[in-house]
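The values are calculated or read from the model by the stated rules, or taken from the named source; none is laboratory data. Values in this document were obtained by computation on a predicted structure and should not be read as measured data. FYI the Cβ positions are ideal-geometry reconstructions off the backbone, even for glycines, and counts take in every protein chain you see. Accessible surface areas use protein heavy atoms only, side chains included; no ligands, DNA or RNA. Shrake-Rupley method; radii C 1.70, N 1.55, O 1.52, S 1.80 Å.
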Amino acid sequence: MPGDDNIIFISTAEDARNLLSLDGQTPISQDFEPFETIRRGPLKDDYKVPGLVAQGKDWLEFRKAVQQDMMRPDSALFYIDDLADVMEQTIEKMEAHLNSNNEVTDINKILQEFALEAVGVMFIGTRLGTLKGSEEGKKLIELAVKIFDYMVFAIVVPQPVLNILPSYKQFIEDNRSLFNISKKLIKQAIEKHEIDGSLDGTIVGKLVDRCGKDSNIPVVMAVDAMFAGIDTTGNTAHFLLYHLASNPAKQEKLYQEILQVIGSNGKMTKKKLSEMRYLKACQMESQRMLPVVSATGRKTQVDMVLGGYQIPK
């Protein structure tokens with residue numbers, strides 16, 4: 001890559017296993033360097049800690065603080081009733097946007113709104129009103145899309161060049177705006193929790209209990225979840241719906257499972273979700289065919305052999 005280190009692409013499971021096994025406890029991912037750079041630089045007064053975009057020991061310490069609550073399946077299932085309501089609202093909005101060919105117009109926008117609304121429920125126990133046209137929701141989605149688009153550029157352009165580009169200064173300001181809007185919503189939720197306990201059981205509520213109400217960890221983790229969820233959750237749902245629409249026989253089979261397990265007017269529950277094996281199979285196959293993240297990058301920290309080639313540290 002011009003002005004930087006060489007990049008090697010690997011595509012076999014064996015090479016990926018070897019690479020990740022040599023990561024140790026403190027992997028270094030080039031993908032997140034643009035975010036770490038601005039959080040330790042121009043945004044250091046906003047982000048007191050860089051969060052999961054940090055590298056090395058800082059990443060490890062932050063992950064240790066959040067992983068217990070983030071990695072448990074029950075952390076998601078706790079919100080299943082609220083998420084079912086969000087999904088019902090999403091379906092209603094899709095139906096309202098059907099055109100004369102019975103096709104949903106601008107489905108990606110609706111799914112981004114669904115993703116942000118769902119993440120808001122899970123992390124801060126709050127309905128953000130995104131599906132109803134919330135201005136803050138619209139702005140967060142707009143900023144997230146701009147930031148992700150620029151991130152691809154920022155990864156491959158050397159930092160000295162980035163520093164002189166007006167577009168990079170805008171990238172920094174977009175990150176600042178996204179942080180400030182998200183932080184305001186999160187702080188409002190925490191203040192409300194101190195009065196009525198409304199965050200009990202939510203991920204942020206657990207992080208506040210674990211890290212303390214004055215810790216920056218819950219706020220930074222929630223900001224990153226809201227930011228990343230717009231793109232990853234929204235696109236994952238988009239790909240799944242696309243694959244089902246492209247395979248009507250499989251769509252019908254999944255529909256029959258829904259009728260059998262949930263019923264035509266039923267609601268999703270934790271028990272019913274565990275019985276929906278074909279739904280899980282469809283989701284996994286969709287992600288295999290079109291993963292929402294195209295690659296996972298690493299900087300080598302030790303000499304290794306990949307694909308029969310010696311790769312230096």
Within segment 67-85, track down each residue that is modelled with pLDDT of 85 or more and out of contact with any Gly (no Cβ under 9 Å at 6 or more places or on another chain).
-> GLN67, ILE80, ASP81, LEU83, ALA84, ASP85
Out of curiosity, is LYS206 surrounded by fewer than 19 Cβ atoms within 10 Å (Cβ to Cβ) and part of a helix (DSSP H, G or I)?
-> no
Among the residues of segment 116-135, which ones are at pLDDT 90 or above and touching a Ser or Thr at 6+ places or on another chain (Cβ under 8 Å)?
-> LEU116, GLU117, ALA118, VAL119, GLY120, LEU128, LEU131
Say whether the condition of being surrounded by 15 or more Cβ atoms within 10 Å (Cβ to Cβ), free of Cβ contacts under 8 Å to residues at least 12 places away in the same chain and over 16 Å from ALA115 (Cβ atoms) is met by at least one residue in segment 289-310.
-> no
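Based on this model, can you work out whether ASP46 counts as open to solvent by 50 Å² or more (accessible area, probe 1.4 Å) and either within 30 Å of SER167 (Cβ to Cβ) or out of contact with any Lys or Arg (no Cβ under 8 Å at 6 or more places or on another chain) (or both)? Outline the logic, then answer.
Details: open to solvent by 50 Å² or more (accessible area, probe 1.4 Å): no; either within 30 Å of SER167 (Cβ to Cβ) or out of contact with any Lys or Arg (no Cβ under 8 Å at 6 or more places or on another chain) (or both): yes.
Against the criterion (open to solvent by 50 Å² or more (accessible area, probe 1.4 Å) and either within 30 Å of SER167 (Cβ to Cβ) or out of contact with any Lys or Arg (no Cβ under 8 Å at 6 or more places or on another chain) (or both)), ASP46 does not qualify.
In segment 241-251, is there at least one residue being crowded, with 20+ Cβ neighbours inside 10 Å, touching a Ser or Thr at 6+ places or on another chain (Cβ under 8 Å) and in a helix (DSSP H, G or I)? Outline the logic, then answer.
Step one: filter segment 241-251 for residues crowded, with 20+ Cβ neighbours inside 10 Å, giving none.
No, segment 241-251 has no match at all.
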Within segment 259-276, considering residues that are open to solvent by 60 Å² or more (accessible area, probe 1.4 Å) and either outside any helix (DSSP H, G or I) or touching a helix residue (DSSP H, G or I) at 6+ places or on another chain (Cβ under 8 Å) (or both), the one nearest to ASP74 (Cα to Cα) = LYS270
Return the residue satisfying two criteria in turn: it lies in segment 16-43 and is buried (at least 16 other Cβ atoms within 10 Å of the Cβ) and in contact with a Lys or Arg (Cβ under 8 Å, 6 or more places away or on another chain), and of such residues it is modelled with the highest pLDDT.
-> LEU43
May I ask you to list pairs of residues, at least six apart or on different chains, whose Cβ atoms are under 7 Å apart, with the first in segment 21-50 being within 17 Å of ASN180 (Cα to Cα) and the second being open to solvent by 70 Å² or more (accessible area, probe 1.4 Å)?
-> PRO50/ARG40; PRO50/ASP58
When you scan segment 71-177 for helices (runs of 4 or more DSSP H) that lie fully inside it, which ones turn up with 2 or more residues that are without any contact (Cβ under 8 Å) to a residue 40 or more places away in the chain and surrounded by fewer than 15 Cβ atoms within 10 Å (Cβ to Cβ)?
-> 73-77, 80-96, 135-156
